[in-house]
1. Taking Gly146, is it buried (at least 16 other Cβ atoms within 10 Å of the Cβ) and of a type outside the set (D, E, K, R)?
2. Return the residue satisfying two criteria in turn: it lies in the stretch 194-219 and is among the β-branched types (Val, Ile, Thr) and touching a Leu at 6+ places or on another chain (Cβ under 9 Å), and of such residues it is surrounded by the fewest Cβ atoms within 10 Å (Cβ to Cβ).
3. If you go through the stretch 107-131 one residue at a time, how many are under 19 Å from the mean Cα position of the chain (by Cα) and under 26 Å from Asp202 (Cα atoms)?
4. Counting only residues that are modelled with pLDDT under 90 and not in a loop (DSSP other than H, G, I, E, B), which one in the stretch 120-142 is farthest from Leu178 (Cα to Cα)?
5. Please go through the stretch 196-209 and give me each residue that is touching an Asp or Glu at 6+ places or on another chain (Cβ under 9 Å) and either modelled with pLDDT of 95 or more or not polar (S, T, N, Q) (or both), ordered by number.
6. Would the stretch 159-168 turn up any residue that is hydroxyl-bearing (Ser, Thr, Tyr) and surrounded by 14 or more Cβ atoms within 10 Å (Cβ to Cβ)?
7. Quick one: count up the residues across the stretch 156-166 that are closer than 26 Å to Gly146 by Cβ and not in a strand (DSSP E or B).
8. Being out of contact with any Lys or Arg (no Cβ under 9 Å at 6 or more places or on another chain) and either farther than 17 Å from Ala117 by Cα or of a type in the set (S, T, N, Q) (or both) narrows it down to one of Tyr157, Tyr150, so name that one.
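The values are calculated or read from the model by the stated rules, or taken from the named source; none is laboratory data. No experiment lies behind these values; they were computed from the predicted model shown. Don't worry about glycine lacking a Cβ; one is built from the backbone with ideal geometry, like all the others, and counts go over all protein chains shown.
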Amino acid sequence: MVASIKQIWIIGLFVLFTISVSLGQSNTQEKVFDYGWIENNVYKNKYFGLEIAFDTAWFVKNKKQMLQIQKAGREFTAQNDKRLKAIIKASEVNTANLFMMFKYGEEYAADFNPSFAVVAENIKHLPQIKTGKTYLFHLKNLLKLGKLTYIFDKELYQRKVGSKKFWVLDAEARHLGLKIRQEYLSAVFKGFTLSFIISYIDDVQKKELHNLLDNIKLD
């Protein structure tokens, strides 16, 4: 039960990873947009020129499972805050959950289950969002509206993923006695923000997730 709750609220933060409602909406989706596919333990996406090789011991979520987690996360994150719930729900129009996986299965019963997620958001209707840095600035403000306590102890910085430079927001979420580290990596190209989100609680988990990021192919 503990692990299930953790999965829900961690991806609840993932639901917040969008700013379209705060800045203006559009429900126009790219006709050539690619949600990607998995082949030989590699997630591939032609639209972004993206390839993510992953450990088969990890548990990858399918589209239906991602939607279920997203819905549960939305309810947990917003709770009785109708305004925040409306913001999150409306923003989903422009947000695509491309890939998500957890280190352990749903039966895992320890305190925390590390996760990795890939999100894309159509921002062609948001000309003010020109870089991942601007996007993360607004994300930071949205996270502060949620029900979790967040600590931001580091300025935004850049790191390379594949051939692209991404801006990074480091955050610490505190909940039920746990201190969960999260890193949000965002870059803007092809009319979208492409974002990676990793969650962990110790250096061993961090190293494993950073190794995953270091081996991503992105042209």
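1. Yes.
2. Ile201
3. So the answer is 8.
4. Among those residues, the one meeting the criterion is Asn122.
5. The answer is Phe196, Ile197, Ile198, Tyr200, Ile201, Lys206, Glu208, Leu209.
6. No: the stretch 159-168 contains no residue that is hydroxyl-bearing (Ser, Thr, Tyr) and surrounded by 14 or more Cβ atoms within 10 Å (Cβ to Cβ).
7. 1
8. Tyr157
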